[in-house]
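Report on the structure given below.
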Amino acid sequence: MPSLRTALLQSSGRPGAVAENLKALDEAAARAADAGARLLVAPELFLTGYAIGDAVPELAEPADGPGSAAIAEIAVRHGLAVLYGYPERGGERIFNASQLIGADGVRLANYRKTHLFGCFEQEWFTPGEQTVVQADLDGIRIGLLICYDVEFPENVRAHALAGTDLLLVPTAQMHPFQFVAESVVPVRAFENQMYVAYVNRTGPEGEFEFVGLSCLAGPDGVVRTRAGRGEELVIGEVDPEFLAASRAANPYLADRRPGLYGSLA
């Protein structure tokens with residue numbers, strides 16, 4: 001099975017300006033496709049911006065809303081799948097969500113962030129209730145989490161047990177928590193024997209300072225590609241053959257003793 005070349009778009013776009021963010025995503029998709037990527041991953045709430053405050057209800061849209069349609073056109077035009085973050089309106093509630101759209105424009109998976117971080121998110125969003133959301137892309141099982149979710153080991157282990165090969169984590173990771181990008185994410189990839197694509201915003205936005213450092217970490221805990229602190233598009237390979245060999249050499253899931261862990265729940 002061939003590798004899945006994956007592009008990570010590290011950018012905050014233009015908060016509050018959906019049209020500008022769609023343009024930036026289109027340009028990144030063109031560059032990613034030219035580099036042979038089959039998947040482009042954008043950060044948390046990339047469609048609208050993160051620190052948009054009172055504009056959250058105004059900019060929120062359903063999973064099949066106009067933003068989704070525009071991104072489906074981008075995916076088809078450039079022949080690659082796209083994962084992006086956005087505020088999802090579901091009835092009277094709003095969720096911090098991410099959606100994966102295939103290269104054919106079909107919506108493959110939609111995930112609602114289950115662990116909300118800080119007063120801003122808790123004020124505007126309702127937490128999701130589904131831990132494991134997956135889709136298949138080019139023979140690879142894709143899983144979705146968002147930012148703070150990956151800091152809970154139970155979330156990532158649930159994906160490992162469900163067979164996730166590549167975990168996509170759009171994020172808005174801010175100062176002074178850069179150790180998550182630097183250390184926690186590679187460890188999560190190793191202890192769960194999967195690839196993890198952690199894709200961050202960058203620079204100042206409202207009261208926040210996003211630290212960049214987006215990365216694609218492999219099941220050996222080695223980072224395949226790493227962005228710096230500024231706007232950047234980086235590309236790495238998700239190799240299913242290496243993943244299979246790594247899982248055979250590191251049988252964490254097979255060696256588990258679940259009967260000892262009941263108190264954790």
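Closer than 24 Å to GLY102 by Cβ and either part of a loop (DSSP other than H, G, I, E, B) or in contact with a His (Cβ under 6 Å, 6 or more places away or on another chain) (or both), is that true of THR126?
Taking the combined requirement at face value, the residue does not satisfy it.
Would you check if GLN173 is in contact with a strand residue (DSSP E or B) (Cβ under 7 Å, 6 or more places away or on another chain), open to solvent by 30 Å² or more (accessible area, probe 1.4 Å) and of a type outside the set (Ser, Thr, Tyr)?
no
For ALA158, which of the numbered conditions (1) open to solvent by less than 10 Å² (accessible area, probe 1.4 Å); (2) assigned to a helix (DSSP H, G or I) fails to hold?
(1) is the only condition that ALA158 fails.
State whether one or more residues within region 113-130 are open to solvent by 30 Å² or more (accessible area, probe 1.4 Å), modelled with pLDDT of 95 or more, under 19 Å from the mean Cα position of the chain (by Cα) and among the hydrophobic types (A, V, I, L, M, F, W, C).
Yes: region 113-130 contains one or more residues that are open to solvent by 30 Å² or more (accessible area, probe 1.4 Å), modelled with pLDDT of 95 or more, under 19 Å from the mean Cα position of the chain (by Cα) and among the hydrophobic types (A, V, I, L, M, F, W, C).
Matching residues to (1) touching a residue at least 60 places away in the same chain (Cβ under 8 Å); (2) out of contact with any helix residue (DSSP H, G or I) (no Cβ under 9 Å at 6 or more places or on another chain); (3) surrounded by fewer than 22 Cβ atoms within 10 Å (Cβ to Cβ); (4) within 22 Å of GLU154 (Cβ to Cβ):
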| position | (1), (2), (3), (4) |
| --- | --- |
| MET194 | no, no, no, yes |
| GLU209 | no, yes, yes, no |
| ALA217 | no, no, no, yes |
| GLY221 | no, no, yes, yes |
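Here are some residues: ALA28, ALA37. Which one is in a loop (DSSP other than H, G, I, E, B), buried (at least 20 other Cβ atoms within 10 Å of the Cβ), out of contact with any Pro (no Cβ under 9 Å at 6 or more places or on another chain) and touching a residue at least 60 places away in the same chain (Cβ under 8 Å)?
ALA37
Count, please, the residues in region 223-243 that happen to be open to solvent by 60 Å² or more (accessible area, probe 1.4 Å) and part of a helix (DSSP H, G or I).
2
Conditions (1) without any contact (Cβ under 8 Å) to a residue 40 or more places away in the chain; (2) open to solvent by 10 Å² or more (accessible area, probe 1.4 Å); (3) within 16 Å of the chain's Cα centre (by Cα); (4) within 25 Å of GLY102 (Cβ to Cβ), marked per residue:
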{"site": "ILE142", "(1), (2), (3), (4)": "no, no, yes, yes"}
{"site": "LEU145", "(1), (2), (3), (4)": "yes, no, yes, yes"}
{"site": "VAL150", "(1), (2), (3), (4)": "no, no, yes, yes"}
{"site": "GLU154", "(1), (2), (3), (4)": "no, yes, no, no"}
{"site": "ASP165", "(1), (2), (3), (4)": "no, yes, yes, yes"}
{"site": "GLU191", "(1), (2), (3), (4)": "no, yes, no, no"}
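In the list ARG77, ARG5, which residue meets the criterion of being open to solvent by 30 Å² or more (accessible area, probe 1.4 Å), in contact with a strand residue (DSSP E or B) (Cβ under 9 Å, 6 or more places away or on another chain) and either in a helix (DSSP H, G or I) or more than 17 Å from GLY212 (Cα to Cα) (or both)?
ARG5
So which residues in region 206-248 are of a type in the set (D, E, K, R) and either modelled with pLDDT of 95 or more or at positive phi (or both), if there are any at all?
Those that are of a type in the set (D, E, K, R) and either modelled with pLDDT of 95 or more or at positive phi (or both): GLU209, ASP220, ARG224, ARG226, ARG229, GLU231, GLU232, GLU237, ASP239, GLU241, ARG247.
Does region 99-108 contain at least one residue that is surrounded by fewer than 24 Cβ atoms within 10 Å (Cβ to Cβ) and either out of contact with any helix residue (DSSP H, G or I) (no Cβ under 7 Å at 6 or more places or on another chain) or within 30 Å of TYR261 (Cα to Cα) (or both)?
Yes: one or more hits.
The values are calculated or read from the model by the stated rules, or taken from the named source; none is laboratory data. Since we're looking at a predicted model, the values are computed, not measured. Backbone-built Cβ (ideal geometry, glycine too); neighbour counts: all protein chains shown. In case anyone asks, the SASA skips ligands and DNA or RNA and just uses the protein heavy atoms, side chains included. Shrake-Rupley method; radii C 1.70, N 1.55, O 1.52, S 1.80 Å.
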